[in-house]
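The values are calculated or read from the model by the stated rules, or taken from the named source; none is laboratory data. Since the structure is predicted, the reported quantities are computational estimates derived from the model, not experimental observations. All Cβ positions, even for glycine, are placed from backbone atoms using ideal geometry, and neighbour counts span all protein chains on display.
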Amino acid sequence: MKRSKRFETLAERPVNKDGFIEEWPERGFVAMHSPYDPKPSIKIQNGKVMELDGVPREKFDFIDQFIADYVIRPDRAEKSMAMDSLEIARKIVDINVPRKEILKICSGITPAKLAEIICHMNVVELMMAMQKMRARKMPGNQAHVTNLKDDPVQLAADAAECALRGFSEEETTMGVARYAPFSAMALLIGSQVGRRGVLTQCSAEEATELELGIRGLTTYAETLSVYGTEQVFVDGDDTPYSKSFLNAAYASRGLKVRFTSGAGSEVLMGQAEKKSMLYLECRCLFVTKGAGAQGTQNGSVSCIGIAASVPAGLREVLGENVAATLLGLECCSSNDQSFSHSPMRRTARTMLQFFPGTDYIFSGYAGEDNYDNLFAGSNFDANDFDDYNIMQRDMQVDGGLRPVREEEVIEVRRKAAKAVQVVFKRLGLSEVTDEQVEAVVYAHGSKDTLNRDVAGDLVAAEDMMKRGITGIDVVRALAEGGFEDVADSVLNMLKQRVVGDYLQTSAILDENFNVLSGVNTPNDYMGPGTGYRVEGKRWDEIKAVDNLIRPEDF
Amino acid sequence: MAGEKAVKYNEQVIEEVVAQVIKEVMKQRGVEQTTQGKKEDYSDAKVATKGTDPKEVVIGVGPAFQTQIHRTINGLDLGQVLDEVKAGIEEEGMHPRVVKILKTSDVCFMGLEAAKLSGSGIGIGIQSKGTTVIHQKDLYPLSNLELFPQAPLMSLETYRKVGKNSAKYVKGERVTPITVENDPMTRPKYQVKAALMHIKETECLDEKIPYIEWNA
């Protein structure tokens, strides 16, 4: 066939480098509804759930049993389940029905019912639902802070810059897992230099992550993964019960926790049991709630390549974010993984969470160039900072970030790098040279920094764990090294662990360490003139971009 | 760093492999228990045992390795992959042994099984799509010494280095981990293909035999 030049041109477009697959329910490649999904049902006897979504109690798998015993309110189930799913969906988008009433209804429904309700809504209705059902009144944002070299000095500088740019939470991970103690510590220090009260976490193997948290080197945890089929749990040597114990371990030490799940993970593991991604995710969210976690990071997350490959995949992603909020969970709404070559497509995907606002629009936004992003690339990265700020300004939307000046960024980067240098020295860890600090201050990414002695760092990191170094040692090193203000901030972050208020749903901290959560600042949206509005000081901040044309110059 | 070292894979080979995988998996669509009857029969195979040689590194390969899947996600021949890893181990004076893991297709658990079977306690897990881990018997399953999560970035040179580094861990040297590579576009390019290959691998699991000696 002679090729059409139009089609040849279109074939070269970025979107045509993406992978798409037709619906294939037998292997779980289906977004919203599989013909094998169960019909919603419930039977209650003597206050006990005896049948759940068509399965009698004696045939429950451990997920069914966990949900039946710990999540669904037996006193509300019959009434909620008797309501038509379409009627519930309409109440959700009805501005006259308050959020609380929706939460009450949804405390008595089953996973299949939740999926059915979501299926009744198109993307605009799902955005309306998110605007009303998000737990915290004001939206927020989270950053990824990582680099290819696992360089703790660069981590601290990038953490400081991201905190200054407005992120409420920062997450790191490692290329070489054994760097974890350094990464957690660098992030803790750097974040507080940029903006006091920023929460930090280090995504690592679960026992390591817990250990870092107990020692006060992180202030929250996010990577407690749950799955929608029993077999995936089993393959990971896990159950909903073991996840509950882990959650309780964090809570006992006053650490904020959210779970993680999302569309496509069961497909990727080859264990989707013919069910739709949405239905399986609804099961995950029920497990999350039953385990006592205050929130979830969901929205397909790292399996977005699977969700985005099927029809209505991105509608499903927003749908599962909304499903989380309907159960009263904090929703940290993904947007954190590259999934498309097309800038149009990746922007469109993020607008679904950006416009209504979620507790954290990204989980997280790459605070570095994507080549340094060790979560294999985020949907937006440091190169998109200005675009993002302009979009906030264009739409008068609060995306959680703010424009910053170059000189203030350089200042906080230097301070964070030097603080880490001092702490490393006082704790007897590996050396951080002045040259390394200087390179990091002005760097865009790890291509601009000096190499570290990796083998030496790993020995020192292991030694740091063996010696039992904790957050208090970091506070002392900072204070004695001349960084009293940073020491004070890190100490305040440790105090949160004793106070425990930030364990409430959707909690973040402001620069004075005040908790802003779904409990003390709940979302009260009920249509125009209510809820969170971008105005006053915050609007001035968003408006103040750097590259304005000045009439007086002409 | 990812851009610096061009991974030499042939685009055509990849497409061929993927087309083959898709064709085969698609053929089985709609049929219950798709690979029943197609699955290899390992009932006569030698069940792998724990080694006693303190210089041993056990390489644990995936259930579909060299039987249902012959090339990694970026088209590397699995025989060559294995040769490079073994050569790397031998270069450092240590002894490679290959087993096929049949009880799990999760790379970390595969690597840990290999490490537990290894006389030295150091093992390597390699999925048929190429994802690789260096593991040690006393670590948590999802922890590792070195992990190579982005299979499309793996080259034969990297596999040789994996062999060398694993041997260095056996010798108790101060090991510098292999430089981490990252391509933010790996997911959009490969995640669907990765899912299809992993589904195939998972279908080859054997409930009865946990692991066998593998000398293909």
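Assorted remarks:
- For segment B:149-178, taking the residues that are of a type in the set (A, V, I, L, M) and over 17 Å from B:T131 (Cβ atoms), the one that is surrounded by the most Cβ atoms within 10 Å (Cβ to Cβ) is identified as B:A167.
Conditions (1) under 26 Å from A:K149 (Cα atoms); (2) within 14 Å of chain B (Cβ to nearest Cβ); (3) among the hydroxyl-bearing types (S, T, Y); (4) touching a Lys or Arg at 6+ places or on another chain (Cβ under 7 Å), marked per residue:
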| position | (1), (2), (3), (4) |
| --- | --- |
| A:V420 | yes, no, no, no |
| A:V432 | yes, no, no, no |
| A:R476 | no, no, no, no |
| A:A487 | no, no, no, no |
| A:V498 | no, no, no, no |
| A:Y502 | no, no, yes, yes |
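- Those residues of segment B:151-189 which are in a loop (DSSP other than H, G, I, E, B), more than 10 Å from chain A (Cβ to nearest Cβ) and touching a Leu at 6+ places or on another chain (Cβ under 9 Å), in sequence order: B:M154, B:S155
- Selected residue (only one of A:V545, A:V498, A:V519 is touching a helix residue (DSSP H, G or I) at 6+ places or on another chain (Cβ under 8 Å) and either closer than 23 Å to A:N321 by Cβ or in contact (Cβ under 8 Å) with a residue 60 or more places away in the chain (or both)): A:V545
- Candidates A:I21, A:I44, A:I92, A:I88 - the one that is more than 14 Å from chain B (Cβ to nearest Cβ), in contact (Cβ under 8 Å) with a residue 60 or more places away in the chain and of a type in the set (A, V, I, L, M, F, W, C): A:I92
- Those helices (runs of 4 or more DSSP H) lying entirely in segment A:23-138 with at least 1 residues over 27 Å from A:Q353 (Cβ atoms): A:62-70, A:74-82
- Segment B:193-216, residues that are of a type outside the set (D, E, K, R) and at pLDDT below 90: B:N215, B:A216
- A:L352 under 20 Å from the mean Cα position of the chain (by Cα) and in a loop (DSSP other than H, G, I, E, B): no
- In segment A:314-340, the residue that is surrounded by the fewest Cβ atoms within 10 Å (Cβ to Cβ) out of those that are within 14 Å of the chain's Cα centre (by Cα) and of a type in the set (S, T, Y) is A:T325.
- Hey, A:G400 more than 13 Å from chain B (Cβ to nearest Cβ) and either surrounded by fewer than 22 Cβ atoms within 10 Å (Cβ to Cβ) or not β-branched (V, I, T) (or both) or not: yes
- Count of segment A:55-101 residues which are over 26 Å from A:P240 (Cα atoms) and of a type outside the set (D, E, K, R): 12
- Residue match in segment B:193-200 (condition: surrounded by fewer than 21 Cβ atoms within 10 Å (Cβ to Cβ) and touching a residue at least 24 places away in the same chain (Cβ under 8 Å)): no
- Those residues of segment B:80-103 which are closer than 18 Å to B:C204 by Cβ and in a helix (DSSP H, G or I), in sequence order: B:V81, B:L82
- Residue identified as in contact (Cβ under 8 Å) with a residue 40 or more places away in the chain, closer than 29 Å to A:R136 by Cα and surrounded by fewer than 20 Cβ atoms within 10 Å (Cβ to Cβ) among A:A251, A:A263, A:A308, A:A293: A:A251
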